[in-house]
Number of protein chains: 2
Amino acid sequence: MATGKKYTIGKLSELSGCVIQTIRYYEQISLLPEPDRSPRGHRLYNNDLLARLKFILRLRQLGYNLEKTRDLLNIVDGGKYTCQQIKKKTLQHAQTIHDKITDLKKIETELLKMAAQCNDDKGRDCSILDSLFHT
Amino acid sequence: MATGKKYTIGKLSELSGCVIQTIRYYEQISLLPEPDRSPRGHRLYNNDLLARLKFILRLRQLGYNLEKTRDLLNIVDGGKYTCQQIKKKTLQHAQTIHDKITDLKKIETELLKMAAQCNDDKGRDCSILDSLFHT
DNA sequence: CTTGCACCTATAGTTACTATAGCATGTATA
DNA sequence: TATACATGCTATAGTAACTATAGGTGCAAG
């Protein structure tokens, strides 16, 4: 099997949906390895790097921050993991997401409660501002 | 009715629960006005400023960013608002919180679905990584 | 007298990008 | 042949909302 296809950064951007600056940024912080370069000095990517970038983007979509993303990449790169470990980490992350949801729900409830107390007046006597000022 | 009590920034920090640096930061970005100064140049706050700071902190707790916070402060400062307006803004903000909750719930569902597909194996054949790599 | 405390200013660091300036090179067109 | 355009490059600054640090002042207690 010959060497696979090579993409410029523009093509990688197109294929991954990730803007060029972010790709370079991920390289800078070593989430992506330094790719080959053309004689002109342009970055050349292959399918492996495309897959790695997509993996990173998927984790970001799922709310992993870059540190957690790096952590997972290291584990996968090292090859010394068990499916159990990955599951545990996944559930831990799900829990942090769940905690955020809980916080936001509390906030939503408070906001709706405040809004419901409003007499919908055209005046300046505002129960919302009152409760904002006295809590 | 004599002039009210004056607090140093340390006291204001204690009374409000806001750290000193943040108080100075809010002053720097003009969320808080420049307070009086002692002969030594130390900031001196009064109850009005304490109330204003608490109001800001409350909005921050409720998920308002500084721009939205500033917006509300301007409205209150201007005095030209109706209770209706405030209610509308409150409900709009509640909606953005709700949207965040919706996003996070989607993420949580996906994470739990992935975790549920895991065979809990001690091996390296991991369905979670598979789905992460192929989505 | 010197140690400690509370305050001061100005500046840099954090996260995860995003945008800009200024440059090189290859291709398409006038 | 000249020039414009596209694509790439590096380095640096800006964003949000703080947080932390360095270096300095002045007062009071031991």
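The values are calculated or read from the model by the stated rules, or taken from the named source; none is laboratory data. Keep in mind that this is a model prediction, so the values were computed, not measured. So basically every Cβ, Gly included, is an ideal-geometry build from the backbone, and we count neighbours across all protein chains shown. What goes into the accessible areas is simple: the full protein's heavy atoms, side chains included, and nothing from ligands, DNA or RNA. Shrake-Rupley method; radii C 1.70, N 1.55, O 1.52, S 1.80 Å.
A few notes on this one:
- Residue satisfying all of: in the stretch B:38-67; among the charged types (D, E, K, R) and more than 22 Å from the chain's Cα centre (by Cα); modelled with the lowest pLDDT among these: B:R40
- Single residue of the stretch A:30-51 satisfying the filter (within 16 Å of A:D77 (Cα to Cα) and within 14 Å of DNA strand C (Cβ to nearest atom)) that is most open to solvent (accessible area, probe 1.4 Å): A:S30
- Restricting the stretch B:53-62 to residues that are more than 8 Å from chain A (Cβ to nearest Cβ) and open to solvent by 10 Å² or more (accessible area, probe 1.4 Å) leaves a set whose member that is nearest to DNA strand D (Cβ to nearest atom) is B:R60.
- Checked against the criterion of being in contact with a Phe, Trp or Tyr (Cβ under 7 Å, 6 or more places away or on another chain) and outside the structural domain of A:G4 (by TED's automatic domain parsing), the candidates A:I75, A:I56, A:I128 yield just one match: A:I75.
- Filtering the stretch B:85-108 to residues that are hydroxyl-bearing (S, T, Y) and more than 9 Å from every other protein chain (Cβ to nearest Cβ) leaves B:T96, B:T102.
- In the condition set (1) small (G, A, S); (2) more than 10 Å from chain A (Cβ to nearest Cβ); (3) within 14 Å of the chain's Cα centre (by Cα); (4) more than 16 Å from DNA strand C (Cβ to nearest atom), B:G17 is compliant with all but (4).
- Residue in the stretch A:117-124 that is in contact with a helix residue (DSSP H, G or I) (Cβ under 7 Å, 6 or more places away or on another chain), over 30 Å from A:P33 (Cα atoms) and open to solvent by less than 20 Å² (accessible area, probe 1.4 Å) present: yes
- All of (1) of a type in the set (A, V, I, L, M, F, W, C); (2) crowded, with 17+ Cβ neighbours inside 10 Å; (3) facing chain A (nearest Cβ under 8 Å) hold for B:L112 with one exception: (2).
- Pairs, first of a type in the set (K, R) in the stretch A:32-47, second assigned to a loop (DSSP other than H, G, I, E, B), C-beta under 9 Å, six or more apart: A:R43/A:T8; A:R43/A:E34; A:R43/A:P35
- Note on the stretch B:39-68: residues that are under 30 Å from A:I101 (Cβ atoms), of a type outside the set (A, V, I, L, M) and in a helix (DSSP H, G or I) amount to 7.
- Test: residue in the stretch B:63-78 that is touching a residue at least 24 places away in the same chain (Cβ under 8 Å) and at the interface with chain A (Cβ under 9 Å from one of its Cβ atoms): yes
- When B:L50, B:L31, B:L66, B:L104 are checked against the criterion of being of a type in the set (A, V, I, L, M, F, W, C) and under 30 Å from A:L15 (Cβ atoms), B:L104 stands alone in meeting it.
- Yes/no for A:Y7 being out of contact with any Leu (no Cβ under 8 Å at 6 or more places or on another chain) and of a type in the set (F, W, Y): no
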